[in-house]
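Let me give you the structure first, and then I'll get to my questions.
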Amino acid sequence: MFPMTDVPVQGSVLPPLLRDLFPARQVDGVVGKVMLRVQHVLDTEIAPGAADRDRAGGYPHQAVAALKLTGILALAVPCNWGGLGMTQDLSLELMLRIAVADPAVAQIYKVHDDLVREIFAYAPSDLRRRLAHRIVHDHVILGMAVAENGRTADGFLQTLARPCPDGTHALSGCKIYATGASGADLVAVSSFDPVRAQQAGAIRAGVRMDLVPHDAPGLVFHHDWDRMGQRATDSGTVTLEDVKVEDQWNALDPDAVLPQHVALRFQAGFSAILTGIGIAALRAVCAFVPERARPWGAAGVNSADQDPYVRRLLGEIGADLFAAYCSVMQAGMMLDRYEGGQASRNAAAMAASAARSVATRAALRAAADAPAAAGARGTAAVNGLDRYWRDARTLSLHDPVDWKNAEIGRHLLTGWAPEPGLYQ
C-alpha cells in the first residue's frame, strides 16, 4: 500500500493522495496545521485498522477519539464563535482524505461538519456560544437522528415533542439511519410539537432540532445497523421514550431564516466520500499489481504492471476519479461563492448535482473494475478489496443519483432551477 506520507512534507502541505494524478495540496494557516495533524492520524492510526473495523462493525470509538485530539471538530465552527471557519472546498478535501483511510469514519465526521455549519447558521446566539465552547474546548462531536420510516424518504414529523408543565419538552419516536448518533456526545434530534404548530398556525413553528446528550434517559441506541457496507458507521435505529429536553438546547429558532444550501452541502459531502472510496480502491490495486499479480501469458511481459491492458484499465479509472475529484472541489468552491454572495443558489446546485453524478459513477467503476487488474488472487479475504465496492454501493444509494441527472437535464433543457429541499 502506498503510504500517504511517502514524500517529505513541510509546512502546511498535504501529501499526494496517489502520485501526481492526485498531487500534494498546500493549505495555509492554522487550518492547514490541523489538517496535517489529521493526515498523520489517518496514516498511522485509522487507515491500518479500516478493514478490521469493517469486519467487526459497530461505532469506531478509537478512531474518532484519535481524530478528536487533532482539533478537527473545531474546523467547521465559524471564526467569530472561536472556531477555525474552514471553507467548503477544504471541508470536502478533508472528508475525501478521511474516506481514503476509512469511509465510515468520514461519514461520521461529515455528519458533525454538516450539523455544525447548519446549526450555526440559524440557532439562537446563546446556544451558539455554548455549543462553540463545547466543541472547541471539550472536543464534543455531534451525531444525527433525523430520518424516520415514513411513506416517503423526506417525511420527518413522526417524532413528537410534548410540552411539559415544567417548561421542558418530552420527545418520543423512532429514528432510522442515525449516522454517528451512537457514539456522539450530542445527538441532533428532529421532532414536531403539534401544540406550538397549532397555536402559531404554521407547521414550521412546531419543528424542533434539539441537541440531546448521549446519556439522556430514554434515548436508546439499538446498534442494529446490518447493511452490506459502511458497517462501522453504526447508523442504526434510535428510539426516544419521553426524552426530556430543555428549550435552551433547541437549535431551531422558530423565527430564524433557514439557510438555502444545506442539502447542497449534504450532497457534496457524499460526493467527496464516494471519490475517496474510489481513490482508495485504486491505491490498493496499484500497490498489489506490481508485487503480487501475475501477468497474463499472452501479454509477453515479465510483470503484471507492464501489461498494456492493465495500464489502460487503471489509467482510465484514474482519469474518471480525477474528474470526480475536480468536480467535488468545484462544488466546494461554488458553495463558498454562494455563501459570499458571488454565485446563485442554482449555480451551486448544478455543481453539487454534477459532482454527485460523476463521483457515483467513478467510485462504483473503481471499486468494481480496478480489482480485475489484481486477478483472482486479489480476491483473497486478507486483501479486503470487496469492502470498497460494498461501501461505495451502500453510500451511493442514500438517495437516487438519477434524480440529480434529471435535475441537471431539466435545467439544461428549460432553465429550471430546483427549489430548496431536503435532497435538492
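The values are calculated or read from the model by the stated rules, or taken from the named source; none is laboratory data. Quick caveat: nothing in here was measured; it's all calculated off a predicted structure. We place every Cβ from the backbone using ideal geometry, glycine too, and count neighbours over all the protein chains shown. Heavy atoms of the whole protein, side chains included, go into the accessibility calculation; ligands, DNA and RNA do not. Shrake-Rupley method; radii C 1.70, N 1.55, O 1.52, S 1.80 Å.
Could you tell me the largest-minus-smallest coordinate of the C-alpha atoms of segment 231-321 on each of the three principal axes, in descending order and whole angstroms?
72, 31, 15
Further question on the same structure: What does the convex hull of the alpha-carbon atoms of segment 359-400 project to on average, in nm²?
Quarter of the Cα hull surface area: 2.9 nm².
Let's test this: bin the Cα-Cα distances of the chain at 10 Å from zero up to the farthest pair and state each bin's percent.
Each 10 Å bin holds this share of Cα pairs: 5, 21, 31, 25, 12, 4, 1, 0, 0.
So, one more: Once the dipole of the chain is set up with Lys and Arg at +1 and Asp and Glu at -1 on Cβ about the Cα centre, which of Met35, Tyr423, Ser303 lies farthest towards its positive end?
Ser303
Find how much the distance from Ala406 to Ala368 grows on full extension, using 0.36 nm per residue of separation minus their present alpha carbon separation; answer in nm with one decimal.
Working: separation 38, 0.36 × 38 = 13.68 nm, distance 2.47 nm.
Answer, rounded to one decimal: 11.2 nm.
Before anything else, pin down the relative contact order of segment 21-92: Cα pairs under 8 Å, at least 6 apart, normalised by residue count, whole percent. Each step should come with its number before you reach the end.
Details: 39 pairs, mean separation 19.9, N = 72.
After rounding, I find 28 percent.
Here is a further query. Net charge within 10 Å of Gly143 by Cβ-Cβ distance, Lys/Arg positive one each and Asp/Glu negative one each, not counting Gly143 itself?
Working: positive: none; negative: Asp185, Asp234.
Around Gly143, the surrounding residues sum to -2.
Further, regarding this structure: Just need the relative contact order of segment 154-250 here, percent rounded to a whole number, with Cα pairs under 8 Å and 6+ apart.
Over segment 154-250, the number comes to 35 percent.
Turning to a different aspect of this structure: What size of dipole, in debye to the nearest 20, comes out for segment 132-236 about its Cα centre when the only charges are +1 on Lys and Arg C-beta atoms and -1 on Asp and Glu C-beta atoms? Please list the in-between numbers first.
On the way: 9 positive and 11 negative charges, 67 e Å.
Result for segment 132-236 is approximately 320 debye, rounded to the nearest 20.
Over the Cα atoms of segment 1-142, what is the Rg over Rh ratio if Rh follows Kirkwood?
On the way: Rg = 15.2 Å, Rh = 15.6 Å.
Across segment 1-142, the Cα-based Rg/Rh ratio is 0.98.
Kirkwood hydrodynamic radius for segment 164-311: how many Å is it when counted over pairs of different Cα atoms?
Working: mean 1/r = 0.0511 Å⁻¹.
After inverting the mean inverse Cα-Cα distance, the result is 19.6 Å.
Work through the residues other than Asn80 whose Cβ is under 13 Å from its Cβ and net out their charges, Lys, Arg +1 and Asp, Glu -1.
Details: positive: Arg128, Arg129; negative: none.
Within the 13 Å Cβ shell, the charges total +2.
At what distance in nm do the modelled label points of Ala381 and Asp166 sit from each other, each positioned 7 Å from its Cα along Cα→Cβ?
5.2 nm
Roughly what % of DSSP beta bridges within the chain run antiparallel, to the nearest 5?
On the way: 24 of 30 bridges.
In the chain, approximately 80 percent of DSSP beta bridges are antiparallel ones.
To test your reading of the geometry: what angle, between 0 and 90 degrees and rounded to tens, separates the Cα axis of helix 125-138 from the longest principal axis of the chain?
40 degrees
Which three lengths, in whole Å and largest first, does segment 300-424 cover when its Cα atoms are put on their principal axes?
Per principal axis, max minus min of the Cα coordinates gives 57, 28, 25 Å.
Still on this structure, please answer the following. Let me know the charge dipole size of segment 39-111 about its Cα centre in debye, to the nearest 20, where only the beta-carbon of Lys, Arg (+1) and Asp, Glu (-1) is charged. Walk me through the numbers before you get to the answer.
Numbers: 5 positive and 7 negative charges, 36 e Å.
It comes to approximately 180 debye.
Specify the angular offset, from 0 to 90 degrees and rounded to the nearest 10, of the alpha carbon long axis of helix 345-369 from the longest principal axis of the alpha carbons in the chain.
With rounding to tens, the tilt is 40 degrees.
Another one. Once phi is turned into θ = phi - 60°, what whole-Hz ³J(HN,Hα) does the Karplus curve with 6.51, -1.76 and 1.60 give for every residue of segment 185-190, x standing for Gly and Pro?
7, 10, 10, 7, 10, 8
For a label point 7 angstrom out from the Cα of Val195 toward its Cβ, which stretches of segment 246-282 have the backbone nitrogen within less than 18 Å?
Taking a point 7 Å out along Cα→Cβ of Val195, the residues of segment 246-282 whose backbone N falls under 18 Å are 246-250, 254.
Mind checking the dipole of the chain: about its Cα centre, +1 per Lys or Arg Cβ, -1 per Asp or Glu Cβ, Debye to the nearest 20? List each step's numbers first, then the result.
Details: 40 positive and 45 negative charges, 156 e Å.
So the magnitude is around 740 debye.
Taking all pairs of distinct Cα atoms, average 1/r, flip it, and tell me the Kirkwood hydrodynamic radius of segment 248-287 in Å to one decimal place. Show your work: numbers first, answer last.
Details: mean 1/r = 0.0761 Å⁻¹.
After inverting the pairwise mean of 1/r, the radius is 13.1 Å.
Taking Cα atoms, how many degrees apart are the long axis of helix 262-292 and the longest axis of the chain, rounded to 10 and kept between 0 and 90?
20 degrees
Another one. Just list whichever of Lys68/Lys404; Lys33/Lys175; Lys110/Lys404 have alpha carbons separated by over 29 Å in the model shown.
Working: Lys68/Lys404 34 Å; Lys33/Lys175 37 Å; Lys110/Lys404 20 Å.
Beyond 29 Å between Cα atoms: Lys68/Lys404; Lys33/Lys175.
What does the C-alpha gyration tensor say about the overall shape of segment 78-199? Classify as rounded when a/c is under 1.5, otherwise prolate if a/b is larger than b/c, or oblate. Kindly include the intermediate steps, with their values, before the conclusion.
Details: a/c = 2.24, a/b = 1.40, b/c = 1.60.
Oblate is the answer for segment 78-199, as a/c is 1.5 or above yet b/c matches or exceeds a/b.
Continuing with the same structure: Could you report the chain's accessible area per residue, 1.4 Å probe, as an integer in Å²?
Ligands and nucleic acids excluded, the figure is 43 Å² per residue.
Project the alpha carbons of segment 353-424 onto their principal axes and report the range along each, largest first, in whole Å.
50, 22, 12
Something else: At Asp247 and Glu316, where each label point lies 7 Å from the Cα along Cα→Cβ, what is the point-to-point distance in nanometres?
6.2 nm
Quickly work out the Asp224-to-Ala287 label distance, labels modelled 7 Å from Cα along the C-beta direction, and quote it in nm with one decimal.
Computed distance between label sites Ala287 and Asp224 equals 3.7 nm.
I need to check one value: relative contact order of the chain, counting alpha carbon pairs closer than 8 Å and at least 6 residues apart, in percent.
On the way: 806 pairs, mean separation 68.3, N = 424.
Relative contact order of the chain: 16 percent.
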